Amino acid sequence: MLAVRNRTIALLACLLASCTSGTQRIPENLPRTNAAVVRAWSPGDVRVEAIDGVEVGRVTHVYVAPGEHQITVRWSGGQAITREGQVRGALQGGSSYVVEAEPDGALRTVRFSLVDKGPQYDEQCLQPSLWSSEPKGRGC
């Protein structure tokens, strides 16, 4: 019984990891060097849906060309409440960015912001933990 349970837990972990894994590049041929990095998820059920109208798949992060970009985001709260919005920002090559959501008390509106985490952002912070909604790295 314990062996079956352990196999089930391992299978679920693999499935969860495959749901949001890998990266995307906008534009597709963008080299990683000097690209800005946008984390495609954040704790609190925040997802990046699109960047400059290009749909973002179920990836952990996106490499984006430096410059001005419009990011479409979605926040999901309790009771199947979903809010969408857009954030505009000038992204610097070599920096990492995280979208944060701040819902009001009644969950009617959500204020989205784009936070520049700088060039020294721990790459492990781009990956969600398998066991919680918090990032893996330090200083995330």
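Can you pull out every residue in segment 107-140 that is in a loop (DSSP other than H, G, I, E, B), open to solvent by 50 Å² or more (accessible area, probe 1.4 Å) and under 20 Å from Val73 (Cβ atoms)? Scanning segment 107-140 gives Arg108, Thr109, Gln127, Ser133, Glu134. Checked against the criteria, Val56 counts as buried (at least 16 other Cβ atoms within 10 Å of the Cβ) and either under 19 Å from Gly22 (Cβ atoms) or among the charged types (D, E, K, R) (or both).
Pairing each residue of segment 47-76 that is in a loop (DSSP other than H, G, I, E, B) with any residue that is acidic (Asp, Glu), provided the two are 6+ apart or on different chains, yields C-beta distances under 9 Å for Val56/Glu49.
The values are calculated or read from the model by the stated rules, or taken from the named source; none is laboratory data. As the structure is a prediction and not an experimental result, all values here were calculated from the model. Glycine gets a Cβ as well: all are built from the backbone with ideal geometry, and neighbour counts include every protein chain shown. These accessible areas exclude ligands, DNA and RNA; they are computed on the full protein's heavy atoms, side chains included. Shrake-Rupley method; radii C 1.70, N 1.55, O 1.52, S 1.80 Å.
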